[in-house]
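One structure is given below, encoded as structure tokens.
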Amino acid sequence: MPTSPSSGISAVAAIQFANVSKSFGANSVLTGLDLSVAAGERLTLIGPSGSGKTTVLRLAMMLDRPTAGDIRLFGESIVKGPGGKPRRAREAARLRRRCGMVFQQFNLFPHMTVLQNLTLAPRTVLRLSAEESEQRALDHLRMVGLEDKRTAYPGQLSGGQQQRIAIARTLALRPDILLLDEITSSLDPELVGEVLEVVRRIAQETDITFLIVTHEMRFARQVSDRVAMFDSGRIIEEGSPELIFSEPRCERTKSFLRSVLDH
Amino acid sequence: MTWNWPYVAQIMPALLAGVWETFLVTVACAVIAIGGGLVLAVVSSLAGRPGRLAVRGVVELLRGVPILVVLYFGYYALPQLGVTLSAFFVGVLVLGVIYAAYCSEVYRGALLSIPAGTHDACAALGLSTVVTWRKVLIPLAVRRSVPALVNYVLVLYRQSAFLFAIGVPVLLARAQVAGDQSFRYLEPYTLTGVLYLTLNLPFVYLLHRHEARHAHIAV
């Protein structure tokens with residue numbers, strides 16, 4: 001799996017943050033972030049809560065706009081259009097289609113059945129026929145082991161099942177990039193394993209680019225090609241999982257890992 | 001004065017005709033209130049600040065003026081401006097539009113209560129604004145609003161008695177006419193009260209049924 005430097009232009013970068021800053025009012029969350037994720041790479045962001053990890057995912061998904069800097073998906077800026085003007089909504093939507101995001105709180109649509117949750121976007125965004133979108137949905141439900149829940153409502157499922165459905169819903173759009181935002185943080189401890197197992201399988205069976213935010217260090221170690229330690233809106237250390245988890249250089253990384261692993 | 005059963009039998013057809021008229025008024029008003037309220041809430045949410053302020057102004061105006069004043073204005077004042085409408089039409093329009101303002105507040109609250117994560121999910125899936133509203137936000141807001149909306153329909157049903165003031169032959173009007181003709185008011189008004197109360201029950205039943213059917217859908 002290719003790894004890439006945390007700054008500088010990469011021809012094959014699936015995601016590239018160039019000098020990106022993000023503030024909410026007076027609160028600066030990211031400051032001059034340079035980050036590049038190669039196509040097919042699996043990068044995990046670790047770090048304390050409030051360090052800006054989720055903001056990175058939200059910016060890549062265009063749920064928030066950066067205060068400064070540029071973000072590129074497969075070489076195309078999602079911030080600026082031709083001539084440096086802000087991206088038009090339609091263009092942004094086309095670029096965003098290459099990304100899929102799974103959220104901490106699942107965010108399934110509670111009034112729709114599992115199948116309806118999975119077919120809505122393929123039908124209305126990709127304009128697939130009812131049969132095609134249903135077939136695709138069933139394929140992905142099978143992938144997450146929940147084909148038999150197609151007629152259930154999210155409220156009838158466990159947290160782990162809901163999160164697996166949310167993963168299937170995102171995959172049904174066949175994204176090139178999968179953004180996973182603390183997908184096990186809302187789950188009871190005994191439900192975490194089933195969700196992580198699904199992600200491991202997807203990582204093994206596909207060449208999707210992963211950008212993961214997690215507090216599951218063992219999972220991060222197993223699934224990642226590269227791990228970046230975030231603190232106060234910037235990357236303070238990055239490297240292979242072995243390097244970060246076995247021989248961290250920064251004191252901050254060491255203390256963070258100690259506090260997480262001691263729990 | 002004693003209860004007079006033959007008199008009850010004599011006035012019952014007129015009262016039942018009043019029940020039918022009340023039912024028609026309530027249904028027509030409810031359609032305007034529930035549909036119009038949704039339109040007001042969606043416009044208010046989608047429009048920029050001027051649009052929101054305009055909707056807010058209309059809502060406050062409609063909620064701030066007594067129903068009778070608006071009814072009299074529609075029925076007696078509008079003809080002097082060259083607009084003559086039937087009493088039924090004025091009554092339904094006035095009650096419907098006033099309650100649309102109330103319902104819009106219910107929908108607005110329901111829309112505000114939809115978690116930000118749902119909006120994020122719609123955006124992350126690339127759903128268009130139309131699909132987001134049509135398939136996700138409006139269905140969720142409507143489901144969350146049902147108990148309050150049913151309550152408003154019940155209030156509407158009772159307030160339809162106001163239409164008597166402009167001559168719509170609703171149940172109360174029929175009772176009044178029956179009483180005035182015979183100078184017996186005990187039976188007409190007692191029966192009117194009982195009929196209003198009895199007709200409440202189907203709505204209450206529908207509300208309970210809705211809650212039972214959707215208990216597993218945590219909206």
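Return the distance in nm (one decimal) between the two label points of a simple spin-label model at A:Arg221 and A:Lys80, each offset 7 Å from Cα along Cα→Cβ.
4.3
For the residues A:Cys250, A:Cys99, B:Cys122, B:Cys103, what sequence is obtained by ranking on other C-beta atoms within 10 Å, fewest first? Walk me through the numbers before you get to the answer.
Details: A:Cys250 13, A:Cys99 25, B:Cys122 22, B:Cys103 29.
Final ranking by Cβ density, sparse to dense: A:Cys250, B:Cys122, A:Cys99, B:Cys103.
Of the residues A:Ala26, A:Ala92, A:Ala220, which exhibits the maximal mean-square fluctuation in a Gaussian network model of chain A defined by a 10 Å Cα contact cut-off?
Checking each option, the largest mean-square fluctuation is seen for A:Ala26.
Using the Karplus curve 6.51 cos²θ - 1.76 cosθ + 1.60 with θ = phi - 60°, what ³J(HN,Hα) values do you get for each residue of the range A:113-121, in whole Hz, with x for Gly and Pro?
Per-residue couplings from phi come out as 5, 4, 5, 5, 4, 7, 9, 4, 5 Hz.
Which three extents, in whole angstrom, do the alpha-carbon atoms of the range B:1-87 cover along their principal axes, largest first?
63, 31, 24 Å, listed from the longest principal axis down.
Any chance you could give the angle, 0 to 90 degrees and rounded to 10, that helix B:171-182 forms with the longest Cα principal axis of chain B?
10
How would chain B be classified by its alpha-carbon gyration tensor: rounded, prolate or oblate, with rounded meaning a/c under 1.5 and the a/b versus b/c comparison settling the rest?
Values: a/c = 3.59, a/b = 1.73, b/c = 2.08.
The shape class here is oblate.
To the nearest 0.05, how large is the calculated FRET efficiency for A:Gln135 and A:Arg201 if R₀ is 25 Å and r is the Cβ-Cβ distance? Don't skip to the end; give the middle numbers.
Details: r = 20 Å, r/R0 = 0.81.
The pair A:Gln135/A:Arg201 has a calculated efficiency of 0.80.
Quick one: if you stick a label point 7 Å off each Cα along the C-beta vector at A:Lys254 and B:Val31, how many nm between them?
7.6
I'd like the mean, over residues of B:130-137, of how many other protein chain beta carbons sit within 10 Å of each residue's own Cβ.
Working: counts 1, 5, 1, 0, 1, 8, 5, 1.
Partner Cβ neighbours, averaged per residue: 3.
How large is ³J(HN,Hα), in whole Hz, for each residue of the range A:192-197 in order, when computed from phi with the Karplus curve 6.51 cos²θ - 1.76 cosθ + 1.60 and θ = phi - 60°, using x for Gly and Pro?
Once θ is set to phi - 60°, the couplings for the range A:192-197 become 5, x, 5, 6, 5, 4 Hz.
When a/c reaches 1.5 or more, the comparison of a/b and b/c decides; with that in mind, is the protein assembly as shown rounded, prolate or oblate per its Cα gyration tensor? Write out the running numbers ahead of the final one.
Working: a/c = 3.25, a/b = 2.45, b/c = 1.33.
Taking the square roots of the gyration eigenvalues as a ≥ b ≥ c, the protein assembly as shown is prolate.
Report the FRET efficiency, 1/(1 + (r/R0)^6), for B:Tyr205 and B:Asp180, where r is their Cβ-Cβ distance and R0 is 45 Å, rounded to 0.05.
Details: r = 35 Å, r/R0 = 0.77.
According to the calculation, E is roughly 0.85.
Would you kindly calculate the translational diffusion coefficient of chain A, applying Stokes-Einstein with the Kirkwood radius from alpha carbon pairs, for 25 °C and a viscosity of 0.890 mPa s, and quote it in µm² s⁻¹ without decimals? Provide the component values of the computation, followed by the final result.
On the way: Rh = 18.9 Å.
Rounded to a whole number, D works out at 130 µm²/s.
List the chymotrypsin sites (Phe, Trp or Tyr not before Pro) within the range A:43-152 that DSSP assigns to loop and that have no more than 10 neighbouring Cβ atoms inside 10 Å.
Details: sites: A:Phe74, A:Phe103, A:Phe106; in loops: A:Phe74, A:Phe103, A:Phe106.
Filter output for the range A:43-152: empty list.
For the range A:19-45 and the range B:83-109, what is the separation of their Cα centres, given in Å?
51
Taking the simple approach of a point 7 Å from Cα along Cα-to-Cβ for both A:Arg127 and B:Gln80, what is their distance in nm?
Label-label distance for A:Arg127 and B:Gln80, simple model: 5.9 nm.
To the nearest whole number, what is the average tally of beta carbon atoms from other chains within 10 Å of the beta carbons of peptide A:100-109? Display every interim value, and only then the final one.
On the way: counts 3, 5, 2, 4, 1, 6, 2, 10, 3, 10.
Mean number of neighbouring Cβ atoms from other chains: 5.
Mind checking the angle between helix B:138-159 and chain B's longest principal axis? C-alpha axes, 0 to 90 degrees, to the nearest 10.
The angle comes out near 20 degrees.
Per residue of the range A:71-88, in order, report the coupling 6.51 cos²θ - 1.76 cosθ + 1.60 (Karplus, θ = phi - 60°) as ³J(HN,Hα) in whole Hz, putting x for Gly and Pro.
10, 10, 10, 6, x, 9, 5, 9, 9, 10, x, x, x, x, 6, x, 4, 6
Aspartates and glutamates within cross-link reach of A:Lys22: Cα-Cα under 16 Å, excluding same-chain residues under 8 positions apart?
A:Lys22 reaches A:Asp34, A:Asp64, A:Asp70, A:Asp231.
When the chain is fully extended, how far beyond the present Cα-Cα distance does A:Leu261 get from A:Glu247, taking 0.36 nm per residue of separation?
Difference between extended and current length: 3.6 nm.
We did not get these values from a lab; they are worked out from the coordinates using the rules stated. None of these values were measured; they are calculated from a predicted model. Every residue, glycine among them, receives a Cβ derived from its backbone with ideal geometry; neighbour counts consider all protein chains shown.
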